[in-house]
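S.K.: So that we are looking at the same thing, I have put the structure below in structure tokens.
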Amino acid sequence: MKFYERLSILVTAIVYIAVGILIITKPKLLYYGVAAAFFIQGLNSLIRFIFKSGD
């Protein structure tokens, strides 16, 4: 596994955990949590596309 893939997985995991804790403590943040999940997955897909397009 390449460095950027490991870094992407790590950042995604940290964001998911942080958003999960925030949603548990403040349920009104559910909408922001869902939006953040889509945003992170979009960035993850974009990064994969950019780095894999050179292969």
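S.K.: Give SER45, SER8 a once-over and let me know the one that is touching a residue at least 12 places away in the same chain (Cβ under 8 Å) and small (Gly, Ala, Ser).
M.R.: Answer to the selection: SER8.
S.K.: Moving on to the next point. ILE47 - would you say it is surrounded by 14 or more Cβ atoms within 10 Å (Cβ to Cβ) and at pLDDT 80 or above?
M.R.: Considered against the rule, which asks whether it is surrounded by 14 or more Cβ atoms within 10 Å (Cβ to Cβ) and at pLDDT 80 or above, ILE47 comes out as yes.
S.K.: State all residues of segment 16-31 that are surrounded by 10 or more Cβ atoms within 10 Å (Cβ to Cβ) and charged (D, E, K, R); if no residue qualifies, say none.
M.R.: Within segment 16-31, just LYS26 meets the criteria.
S.K.: Restricting the search to segment 9-55, which residues are among the charged types (D, E, K, R) and not in a helix (DSSP H, G or I)?
M.R.: LYS26, ASP55 - these are the residues of segment 9-55 that are among the charged types (D, E, K, R) and not in a helix (DSSP H, G or I).
Here is a yes/no grid of residues against (1) more than 12 Å from the chain's Cα centre (by Cα); (2) in contact (Cβ under 8 Å) with a residue 12 or more places away in the chain:
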| site | (1), (2) |
| --- | --- |
| TYR4 | yes, yes |
| THR12 | no, yes |
| TYR16 | no, yes |
| THR25 | yes, no |
| ALA35 | no, no |
| LYS52 | yes, no |
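S.K.: Tell me which of these ARG6 doesn't satisfy, since it passes every other one: (1) at pLDDT 80 or above; (2) surrounded by 11 or more Cβ atoms within 10 Å (Cβ to Cβ).
M.R.: (2)
The values are calculated or read from the model by the stated rules, or taken from the named source; none is laboratory data. Since this is a predicted model, take the numbers as computed values, not measurements. Positions of Cβ are backbone-derived with ideal geometry, glycine not excepted, and every protein chain shown enters the neighbour counts.
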